[in-house]
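Visitor: Before I ask anything, here is the structure I am working with.
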């Protein structure tokens, strides 16, 4: 017996044309197997019709938006006309002067000499030399990687963003238990993931910890509309420290 | 009409450099994409990964989206492919009846009725994993995501006739996986309960 299998889905859905439905009806009258299949198919349709729709968990699409913003920034950087780059360089120069002023003033506060800073600094700054200075904010202290021996979750990230928003423009307080290391690897990983360190986005903290179980770097940025302007947003980039892929991003307006 | 498709307009704006437009596309489609991935893979953890991968692929390939199919259909195709890739990579039996505990915050069920609905959803999701993948994909697209046979064919890159025969085979396989008459009665008695049901 030939079974009209190609027609049975539409038979169950009630979308068959009259003549085709008559063919199936006639077949079902004599074929127990197809009758049973049609009943089973109808049960499956009912079961799927009441399938509950789950909400999307937090943190799923954040990295996607971070990647979209990252790729748009790279596109924008390629598109940027020469004049804009010149102005941007001017902003960096201004930031460099600020850094210089701070370098002279800060040791009086911290009791450390400018030479100490220079000896420790240098290699621990962002890969792009000028941007590196701007990225570190108006502080001459080289940015150090805070190593936290614990797992961060989305609430921790929110707290970090809140802290960073309150600490503008001073350097935020570090966790007492954090060990410190040079931040080079973290900065290059953040750069690889698509954010431009320096310019609009000043890196104020770099943290190594686990994010939801994945070894990660957390970059805390002050983002401004343009280089040299006051920050308007706190941006947390969380990237995997193994492959520098973006795990999530948190942003908070100041 | 395609011209009136708000998604097509958002795609155009994104390709013109408006990142926010992509954000709106993600917001509009994340729930469908995530639930498609959850039904295909049966695990919340895998659904998260597949959803992320699908949107990242969409981001990379949006230039190739020519607007011949609706964006929804295209996005279903990208998501199904992400699920196939993920399931191929994992090559392990999905854990049936897993309640996805400990994989991130999720809202508590609002009421006992609602909780029953969630429990049954998990049974159906588990049973879906016993349906062969090619049948499962058609079954989910047509009966859970409500795509037409034609859109499902477009999303899967197969002829419409193939969709219809796989749909029937998939339904029969799901009914068998759901098994006992008691389970079937529960499924029949419950009926659509609220607006969140597809």
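Visitor: What are the pairs, 6+ residues apart or on separate chains, where a residue within segment B:30-43 that is free of Cβ contacts under 8 Å to residues at least 40 places away in the same chain and within 10 Å of another protein chain (Cβ to nearest Cβ) has its Cβ under 8 Å from a residue that is surrounded by fewer than 24 Cβ atoms within 10 Å (Cβ to Cβ) and in a helix (DSSP H, G or I)?
Guide: Listed pairs, sorted by first residue: B:34/B:48.
Visitor: Return yes or no: is residue B:102 farther than 15 Å from residue B:43 by Cα and either at pLDDT below 80 or outside any helix (DSSP H, G or I) (or both)?
Guide: In short, no.
Visitor: Six or more apart or on different chains, Cβ atoms under 6 Å: show the pairs whose first residue is in segment A:32-60 and more than 7 Å from every other protein chain (Cβ to nearest Cβ) and under 24 Å from residue B:35 (Cβ atoms) and whose second is at pLDDT below 95 and assigned to a helix (DSSP H, G or I).
Guide: Here the result reads none, with nothing in segment A:32-60 linked to a residue that is at pLDDT below 95 and assigned to a helix (DSSP H, G or I).
Visitor: Something else about it: Go through segment B:146-160 and report how many residues are modelled with pLDDT under 95 and within 11 Å of another protein chain (Cβ to nearest Cβ).
Guide: Number satisfying all stated conditions: 1.
Visitor: Exactly one condition in (1) crowded, with 18+ Cβ neighbours inside 10 Å; (2) over 20 Å from residue A:188 (Cβ atoms) is not met by residue A:221; state its number.
Guide: (2)
Visitor: Return yes when residue B:190 is at the interface with chain A (Cβ under 7 Å from one of its Cβ atoms) and either modelled with pLDDT of 55 or more or closer than 25 Å to residue B:82 by Cα (or both) and no when it is not.
Guide: Values: at the interface with chain A (Cβ under 7 Å from one of its Cβ atoms): yes; either modelled with pLDDT of 55 or more or closer than 25 Å to residue B:82 by Cα (or both): no.
For residue B:190, the condition - at the interface with chain A (Cβ under 7 Å from one of its Cβ atoms) and either modelled with pLDDT of 55 or more or closer than 25 Å to residue B:82 by Cα (or both) - is not met.
The values are calculated or read from the model by the stated rules, or taken from the named source; none is laboratory data. Remember, predicted model here, so these are calculated numbers, not experimental data. Neighbour counts run over all protein chains shown; Cβ positions are idealised from the backbone, glycine included.
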